[in-house]
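Colleague: Just passing along the structure, written as structure tokens.
A short reminder: the numbers here are calculations on the coordinates, not readings from a lab. In this text the structure is predicted, and so the values were computed from the model without any measurement. Neighbour counts run over all protein chains shown; Cβ positions are idealised from the backbone, glycine included.
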Amino acid sequence: MTNISVGIIGSGSMAEHRHAPEYAAHHQVGEIVFYDRNQDRAERLANKFKGRSVHRIEDLFNDPCIHLISDCSSNETHMFNTIEALNKGKHVLCEKPMANTIEEAKAMVEASKKTGKRLFIAHNQRFVRAHQRAKDIVDSGSLGKVLSFKTTFSHRGPEHWGTTKSNATWFFKKERSYSGVIGDMGIHKMDLLRYILSDEMEEVSAFGGAIHKQDENHEPIEVYDHVTSILRTKRGVLGDASFSWTNYGKEENSMTLYLEKGAIHIGREECPLIVEEYSGDNVRYDLESQKNSGVIDHVIHCLTHNVSSIISGEEGLESLKVVAAMKESAESRSICTIQ
Ligand SMILES: NC(=O)c1ccc[n+]([C@@H]2O[C@H](COP(=O)([O-])OP(=O)(O)OC[C@H]3O[C@@H](n4cnc5c(N)ncnc54)[C@H](O)[C@@H]3O)[C@@H](O)[C@H]2O)c1
């Protein structure tokens, strides 16, 4: 497969700022076909990216020329869209969180196995250069074992990012975003930790709340806008992680790993990656800035070379299990085991 035509479901912010430009820039991608239940949005992106728009979702699913579907719709529709697309013989790149519940995510992975079509989840943090370099350093063993971590990801909220720039955004609705900031921000770092540590989370204890955001009726939102948690991995690494939509200052997107012989600082303002060797040296990695997320390049490479993916449906499912347990822990005020 050398020329891949793509259908995009949901023509909102992710489609406009990540998927469509990265497909349009890729030499092995053919036509891009846009669908949104709000037809104006699909038409606008079709014009902007010199693609085509369709009026019905079936026109994507039933088009034999389309090989790959990107699902950039809101979370509650990922399962339906993905399973339908896989059953119609398309490969799928689904945005994170891949689904709202573990059962939905398992059904998606099953559908991929049954149909033999590939399922990718857009866990873009795995492709950030500083993250990949940090993983190389951990894997090399030069700093010894990882002992603990701390990570945070926070900004002023999705009502400033998504297409609906108001407190009526679907991100604030339980039946649509389901786990609020946990599934929106937390899953990025939980997935990244699983990737860098090559380890699985085993236990989590979390506090969450709708501490500041209000919906369009001036009521506290139905999902958490802030969560703070403590985690233990299967190998006994301990760490703390907090995620927030209520950081009205500069976005924070960082992680520190403490190892036996040094610490790895990722995402500090002064440098994307600093390795602090306890023997005395600080190594700064001034990595080239990245022009794209790397997700689309990876997916197209996997499809055209028929190679395995680091962002498979199975990986997305394991990361979703962590955020599901984090949500359960915060809601039940108890320590939860990740199954
Ligand atoms: N990977 C990342 O870093 C990242 C960042 C932000 C959002 N996301 C994810 O991307 C997805 C989209 O987020 P967004 O910020 O673009 O939201 P958005 O609200 O800007 O866009 C979503 C679009 O999907 C459309 N839509 C919703 N349900 C639909 C359906 N059933 N059929 C057709 N169209 C439908 C809406 O009309 C809207 O235009 C979400 O799952 C979100 O969690 C990922």
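Colleague: Can you say what percent of the DSSP beta bridges in the chain, counting only those with both residues inside, are antiparallel? Round to 5. Before the final figure, lay out each step's value.
Modeller: Values: 41 of 66 bridges.
Bridges in the chain that DSSP calls antiparallel: roughly 60 percent.
Colleague: How large is the Kirkwood hydrodynamic radius of the chain, in angstrom, based on all distinct alpha carbon pairs?
Modeller: Kirkwood radius, the chain: 20.6 Å.
Colleague: Got a sec to turn the phi values of segment 10-17 into Karplus ³J(HN,Hα) couplings, 6.51 cos²θ - 1.76 cosθ + 1.60 with θ = phi - 60°, whole Hz, x for Gly and Pro?
Modeller: Calculated HN-Hα couplings, in order: x, 10, x, 5, 5, 4, 6, 9 Hz.
Colleague: Return the lysines within reach of Lys135: Cα separation strictly under 24 angstrom, same-chain partners fewer than 8 residues apart disregarded; answer none if there are no such residues.
Modeller: Within reach: Lys96, Lys145, Lys150, Lys189, Lys234, Lys261, Lys291, Lys321.
Colleague: Sticking with this structure for a sec: What size of dipole, in debye to the nearest 20, comes out for the chain about its Cα centre when the only charges are +1 on Lys and Arg C-beta atoms and -1 on Asp and Glu C-beta atoms?
Modeller: Computed about the Cα centre, the dipole is about 440 debye.
Colleague: Let me ask something additional. Give me a comma-separated list of calculated 3J(HN,Hα) values for segment 128-133, in order, Karplus coefficients 6.51, -1.76, 1.60 applied at θ = phi - 60°, integers in Hz, x for any Gly or Pro.
Modeller: Result, rounded to whole Hz: 5, 4, 4, 6, 5, 5.
Colleague: Could you check the simple spin-label distance between Arg156 and Lys113, using points 7 Å along Cα→Cβ, in nm with one decimal?
Modeller: Placing both labels 7 Å along Cα→Cβ, they lie 4.6 nm apart.
Colleague: Viscosity 1.567 mPa s, temperature 4 °C: what is the translational diffusion coefficient of segment 184-290 from Stokes-Einstein with a Kirkwood Rh over Cα pairs, rounded to a whole number of µm²/s?
Modeller: This corresponds to a translational diffusion coefficient of 81 µm²/s.
Colleague: Something else: Quick check on segment 110-200: what are the equivalent-ellipsoid semi-axes from the Cα gyration tensor, as sqrt(5λ), descending, whole Å?
Modeller: Over the Cα atoms of segment 110-200, the ellipsoid semi-axes are 30, 20, 12 Å.
Colleague: Here's a follow-up. Can you tell me which of 80-87, 136-143, 190-197, 23-30 comes out highest on packing, and rank the rest after it, using the mean Cβ neighbours within 10 Å?
Modeller: Working: 80-87: 21.5, 136-143: 14.1, 190-197: 23.4, 23-30: 15.9.
So the order, starting with the most tightly packed, is 190-197, 80-87, 23-30, 136-143.
Colleague: Okay, next question. Helix 39-48: angle to the longest alpha-carbon principal axis of the chain, degrees 0 to 90, nearest 10?
Modeller: That works out to roughly 80 degrees.
Colleague: Then there's this: Could you calculate the FRET efficiency of Glu203 with Thr246 from 1/(1 + (r/R0)^6), where r is the beta carbon distance between them and R0 is 35 Å, rounded to 0.05?
Modeller: Efficiency, from the Cβ-Cβ distance: 0.85.
Colleague: Assign one of three labels to segment 1-88, namely rounded, prolate or oblate, based on the Cα gyration tensor with a ≥ b ≥ c the square roots of its eigenvalues; rounded applies when a/c is under 1.5, prolate when it is not and a/b is larger than b/c, and oblate otherwise. Walk me through the numbers on the way to the answer.
Modeller: On the way: a/c = 1.45, a/b = 1.08, b/c = 1.34.
Here segment 1-88 falls in the rounded category.
Colleague: Per-residue HN-Hα couplings for segment 250-258, Karplus 6.51 cos²θ - 1.76 cosθ + 1.60 at θ = phi - 60°, whole Hz, x for Gly and Pro?
Modeller: Karplus values, whole Hz, x for Gly and Pro: 6, 4, 10, 8, 9, 8, 10, 10, 9.
Colleague: So how much slack lies between Ser148 and His305, counting 0.36 nm per residue of separation and subtracting their Cα-Cα distance, in nm?
Modeller: Values: separation 157, 0.36 × 157 = 56.52 nm, distance 3.71 nm.
Taking 0.36 nm per residue and subtracting the Cα distance, the gain is 52.8 nm.
Colleague: Ok, one more. If we restrict to alpha carbons, what Rg and Dmax does segment 107-154 come to, in Å?
Modeller: 16.2, 43
Colleague: Just going by the charge dipole of the chain, with Lys and Arg at +1 and Asp and Glu at -1 on Cβ, which of Gly12, Thr115, Leu238 is farthest out on the positive end?
Modeller: Thr115
Colleague: Which lysines does Lys114 reach when only Cα atoms under 17 Å apart count, and residues fewer than 8 places away in its own chain are ignored?
Modeller: Those lysines meeting the cut-off are Lys88, Lys90, Lys106.
Colleague: Only four residue types carry charge here, +1 at the Cβ of Lys and Arg and -1 at the Cβ of Asp and Glu. Report the dipole size of segment 4-124 about the Cα centre in Debye, rounded to the nearest 20.
Modeller: Dipole of segment 4-124, to the nearest 20 debye: 280 debye.
Colleague: Positive end of the charge dipole of the chain (Lys, Arg +1 and Asp, Glu -1 on Cβ, about the Cα centre): tell me which of Pro21, Asn247, Met326 has its Cα farthest that way.
Modeller: Pro21
Colleague: Please build a GNM for the chain, connecting alpha carbons under 10 Å apart, and tell me which residue among Lys213, Lys234, Lys173 fluctuates the most.
Modeller: Between Lys213, Lys234, Lys173, it is Lys234 that shows the largest mean-square fluctuation.
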